[in-house]
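A.B. asks: Right, I'll just put the structure down here and ask away after.
No lab work stands behind these numbers, since they all come straight from the coordinates. Since the structure is predicted, the reported quantities are computational estimates derived from the model, not experimental observations. Every residue, glycine among them, receives a Cβ derived from its backbone with ideal geometry; neighbour counts consider all protein chains shown.
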Amino acid sequence: MNDEFKTLQKFDAGKGREGFLHSLPVLEEQGIGKISRLPVPLPFGGLTAQRSVLSVQNFCSAVVMALTDSRARGETFIVSDPTPLSVSDVIARYRARSGRSAGLIAIPESWLELFLRAIGKSAIWHRIGCPLVARPRKLLALGWKPS
């Protein structure tokens, strides 16, 4: 068990501590993880749009900082890993952790967007082809040191 998790266990929200809110970047873990496990090459190698992601370690360390630093009391923070990734980077990392090659084919983004729109899946295009970056500037300014 890591130190951040042990520190989190010591805090009880019902003991009069002021609350704080973290806004987490959303990347559909189930969708990306599920598609990454497919045993076929995927046509997402050409995706370049940057997306904020958040590792469990960085989430825990941010929560610990917000709970233990008096300057954070009553504040609201955006929490994300400082370096955003593309969907193709995320898929490649999932596959690398499984001991597999990235298996990504670089199809031009415009083709993928056109295809998804043509089959009525514009929402999917917006989730994988459009940038969504949430910078943790305020937390970093407090001295947060993500891994």
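A.B. asks: Which residues, taken from the stretch 89-139, are among the β-branched types (Val, Ile, Thr), touching a Ser or Thr at 6+ places or on another chain (Cβ under 6 Å) and more than 21 Å from Ser36 (Cβ to Cβ)?
C.D. replies: First, pick out the residues of the stretch 89-139 that are among the β-branched types (Val, Ile, Thr): 90-91, 105, 107, 119, 124, 128, 133.
This time we only want the ones that are touching a Ser or Thr at 6+ places or on another chain (Cβ under 6 Å), so: 91, 133.
Answer for the stretch 89-139, where residues must be among the β-branched types (Val, Ile, Thr), touching a Ser or Thr at 6+ places or on another chain (Cβ under 6 Å) and more than 21 Å from Ser36 (Cβ to Cβ): just Val133.
A.B. asks: While we're looking at this one, here's another question. Considering each residue of the stretch 37-64, count those that are of a type outside the set (A, V, I, L, M) and without any contact (Cβ under 8 Å) to a residue 60 or more places away in the chain, and give that number.
C.D. replies: Number of matching residues: 3.
A.B. asks: Of the conditions (1) touching a residue at least 24 places away in the same chain (Cβ under 8 Å); (2) of a type in the set (Val, Ile, Thr); (3) more than 15 Å from Ile32 (Cβ to Cβ); (4) assigned to a loop (DSSP other than H, G, I, E, B), Thr83 fails just one. Which one is it?
C.D. replies: Of the numbered conditions (1) touching a residue at least 24 places away in the same chain (Cβ under 8 Å); (2) of a type in the set (Val, Ile, Thr); (3) more than 15 Å from Ile32 (Cβ to Cβ); (4) assigned to a loop (DSSP other than H, G, I, E, B), the odd one out for Thr83 is (1).
A.B. asks: Read through the list (1) over 20 Å from Ala141 (Cα atoms); (2) in contact (Cβ under 8 Å) with a residue 60 or more places away in the chain; (3) under 22 Å from the mean Cα position of the chain (by Cα), then give the number of the only condition that Ala92 fails.
C.D. replies: Condition (2) is where Ala92 drops out.
Conditions (1) part of a loop (DSSP other than H, G, I, E, B); (2) basic (Lys, Arg); (3) surrounded by 16 or more Cβ atoms within 10 Å (Cβ to Cβ), marked per residue:
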| site | (1), (2), (3) |
| --- | --- |
| Leu54 | yes, no, yes |
| Ala62 | no, no, yes |
| Leu67 | no, no, yes |
| Val90 | no, no, yes |
| Ser101 | yes, no, no |
| Ala106 | yes, no, no |
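A.B. asks: A further question follows. Taking the condition of a type in the set (S, T, N, Q) and surrounded by 11 or more Cβ atoms within 10 Å (Cβ to Cβ), does Ser122 pass?
C.D. replies: Considered against the rule, which asks whether it is of a type in the set (S, T, N, Q) and surrounded by 11 or more Cβ atoms within 10 Å (Cβ to Cβ), Ser122 comes out as yes.
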